[in-house]
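Bear in mind these aren't lab numbers, they're just calculated from the coordinates by the rules spelled out. Please read all numbers here as calculations on a predicted model, not as lab measurements. For neighbour counting, all protein chains shown are included, and Cβ atoms are generated from backbone atoms with ideal geometry for every residue, glycine included.
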Amino acid sequence: MLAQEKFYSPLTIRHYRHDLELFGEFLGVQQVADWEQAEYRHVSAFAAQQFRQGKKGSSIQRSLSAIRSFYQYLLRQGRVGKNPAQDVRAPKSEKKLPQTCDAEQIGQLLQHHVDDDELTRRDLAMFELMYSSGLRLAELASLDLGSIDLRQRQLVVTGKGRKTRYLPVGSKAIDAVQRWLDVRRKFTRQADEAALFLSRQGRRLSHRSIQSRLDRLIAQRAAGMKISPHVLRHSFATHMLESSADLRAVQELLGHADISTTQVYTHLDFQHLAQVYDQAHPRARKKS
C-alpha cells in the first residue's frame, strides 16, 4: 500500500519495515500474541525503551509514525478496532539547523576550467544543477534527457510522493549541462539510454556514486569543507530566502508539502541577521 498507493520511496518503506519488526519483537517479549492485543501502554513502553537505548527523538518519531500508519491500515482492513499509537508522542529532540555553504565556497567548488576532463564536466553539471534548482539527491539521480529544457531554462522533477514540479534553472547550470551534453555520447553504450547523467559504463549513476564524486570534487578543490548533496540543497534554500524573503516560493521550489518544513530556513536567516546585529550594533557588542 505504501509503495503502490502512497508512492513512498523504497528507503522509507525499508525503514518502516524495520521499525515494525522491532515493535513486533517488543510485543513478543511482552507476550502480546496479536497486533489487535496491543494497547497504548505497549506502544508508549516501546517508545520509552528506544529512548533509553539512546535513540534520537526524530528516530523514535519515525518509529511511531510507522506504527501509527500501520494501524490505520489495519483499521481500514477491519483487522483491529483501535489505533493504540494514536496519542503516543516521542520525546522532543533538539532541532539542528541544516548546514550550509556561502556563495563564495560554492563558487570555489563549482568553478569551470577550460581543461576540465569529461568526468569533471559531468560532475560540475550535476552539482550546478543541484544547487541551481534545490534538488534532492534522488531527484538528481532520476533526471532523464527529457527532464531539462535548455532553451526555456526549465527542469521537470518528480519528487516525493511522485509529485511533479517545474523548476527554473540558472544560466551557470545551463552552461554546465551543455558542456556535459557535448561529451555525453562518449559515455553511452545503448542508444536509448534516457538518463541525463551516465557512469563510465553507460548506466544511470547511483546515489552512492554521486556522493562519491562530490567527495572527490571537494578533495580537489575545497579540501576541509564538509559538503554533502543535501548541503547544496540547504544552501540553495537559504540563499533564496535571504534574497527574496518569500517563504512560499521557496516551499514550492523545494517541493515541501508542509510550509513548517521550510520554516527551518527562516531560523537560519535569523541566525545570520543576529550575528550581523551583534557585530554591528554599538549597544550589542561585547566589551573586549
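Would you mind checking which residues have amide H under 5 Å from D144's amide H? H placed 1.01 Å from N; only 5 or more apart, or other chain.
Here L196 satisfy the definition.
Order of W35, W180 from fewest to most other C-beta atoms within 10 Å?
On the way: W35 17, W180 24.
Final ranking by Cβ density, sparse to dense: W35, W180.
With each run of n ≥ 4 DSSP H residues scored as -39500 (n - 2.57), what mean residue ellipticity at 222 nm is computed for the chain after dividing by its residue count and rounding to the nearest 500 deg cm²/dmol?
-17000 deg cm²/dmol
Once both axes come from the Cα atoms, what is the angle between helix 118-133 and the longest principal axis of the chain, in degrees from 0 to 90, rounded to 10?
Tilt of helix 118-133: around 60 degrees.
Once phi is turned into ³J(HN,Hα) by the Karplus curve 6.51 cos²θ - 1.76 cosθ + 1.60 with θ = phi - 60°, what whole-Hz value does each residue of region 79-87 show in order, with x for glycine and proline?
Those phi angles translate into 7, 9, x, 7, 10, x, 9, 3, 10 Hz.
I'd like the per residue volume of the convex hull spanned by the Cα atoms of region 104-234, given in cubic angstrom.
109 Å³
Please arrange F197, F187, F51, F7 by how many other C-beta atoms lie within 10 Å of their C-beta, fewest to most.
F7, F51, F187, F197
For the chain, I need the span (max minus min coordinate) of the C-alpha atoms along each principal axis, in Å, sorted largest to smallest.
68, 67, 33
Can you find, among V183, G146, G161, the residue sitting farthest towards the positive end of the charge dipole of region 124-185, where Lys and Arg contribute +1 and Asp and Glu -1 at Cβ?
So the residue furthest toward the plus end is G161.
Distance check, please: which entries in K56/K163; K55/K172; K56/K172; K6/K186 exceed 31 angstrom between their Cα atoms?
Values: K56/K163 29 Å; K55/K172 42 Å; K56/K172 40 Å; K6/K186 38 Å.
Beyond 31 Å: K55/K172; K56/K172; K6/K186.
To the nearest 10 degrees, how steeply does helix 207-221 sit against the main Cα axis of the chain, on a 0 to 90 scale?
Tilt relative to the chain: about 50 degrees.
Loop only per DSSP, at most 16 neighbouring Cβ atoms within 10 Å: give me the GluC sites (Glu not before Pro) in region 85-183, ordered by residue number. Write down the numbers at each step before the final one.
Working: sites: E94, E104, E118, E128, E139; in loops: E94.
Counting only loop positions with at most 16 other Cβ atoms within 10 Å, the GluC sites (Glu not before Pro) in region 85-183 are E94.
Fewest Cβ neighbours within 10 Å first, please rank L150, L129, L64 accordingly.
Going from least to most buried by this count: L150, L64, L129.
Indicate the gyration tensor shape class of region 10-76 (rounded, prolate or oblate), computed on the Cα atoms with a ≥ b ≥ c the square roots of the eigenvalues: a/c under 1.5 is rounded; otherwise a/b larger than b/c is prolate and the rest oblate. Provide the component values of the computation, followed by the final result.
Working: a/c = 1.67, a/b = 1.07, b/c = 1.56.
Oblate.
Looking at region 22-171, I'd like the Rg to Rh ratio, where Rg is from alpha-carbon atoms and Rh is Kirkwood's inverse mean 1/r.
1.18
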